[in-house]
Amino acid sequence: MTIKIGSIITNSLKIERPLSEKGGMASVYLASFVTDPRMKVAVKFARSSTNGPEHEDVLLQREADLLSRWDWRHPGVVRIFPIPFRDRKTAYFLKAIELPETPYFFIMEYLSGGSLTDNLSKIKGYSFNWKLELFYQLFATVAHLHQLGFGHRDLKPDNIVFREPISPTSIPQPVLIDFALASNGQEGSQIVNSSHTLEYASPERVLKTLGWGMRNYPAIL
């Protein structure tokens, strides 16, 4: 799914350019407010469903529901914003009726520093203390999620994004994104439980997907 640059949604946001189209479930675009182009946000659109009825919509809505909870507010968790729409109650998840495919979407803060993947070559040359601070902040965010009873379940370099461009003399500000697969083990669904990124999934999840039991695990080592 490609969103036309210059499109206006909810009469208030103008789509400027794609930020990420790597995700299999969603695409993220940079947008600005029509009334003040200096104000930037990221808009995450569900892709057209290819894995069953409303597969991507379900995951995107679940992510919006989690991020809008008050106890999920944390410097290391991407911030979601209410969608500006006249004469409506506060909403964090809507359908973009102005676009041809009317995809569902939500709005989040624009993180301008790029992902860990994008910055890896730079970070290799940074000091040990800088890297230590990076890991400390990441672990603090993961610990916060665990205190809430949730696991991210898709933690990978592409899902760690810096709030601002990094430099060896500034404190890193890593932010976790993409919580569509986050789970507390109770509120999930078959879609959530069966979805993962193969390269970063735990061995037991890969084996379960392949239909193998854990008793077969030693045989493939």
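Laid out as a table, the results:
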read-out: Links that overshoot a 23 Å alpha carbon limit, given the list Lys95/Lys156; Lys44/Lys95; Lys4/Lys156; Lys4/Lys95; Lys14/Lys156; value: Lys95/Lys156; Lys4/Lys156; Lys14/Lys156
read-out: Estimated translational D of segment 8-109 in µm²/s (Stokes, Kirkwood radius over Cα pairs; 20 °C; 1.002 mPa s); value: 153 µm²/s
read-out: Furthest towards positive pole of dipole, Gly76, Thr102, Thr10, structure part segment 8-109, Cβ charges; value: Gly76
read-out: Segment 8-109, dipole about Cα centre (Lys/Arg Cβ +1, Asp/Glu Cβ -1), debye to the nearest 20; value: 300 debye
read-out: Alpha-carbon centroid distance for the pair segment 170-185 / segment 82-133, whole angstrom; value: 11 Å
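No lab work stands behind these numbers, since they all come straight from the coordinates. Keep in mind the model is a prediction, meaning the values are calculated, not measured. All Cβ positions, even for glycine, are placed from backbone atoms using ideal geometry, and neighbour counts span all protein chains on display.
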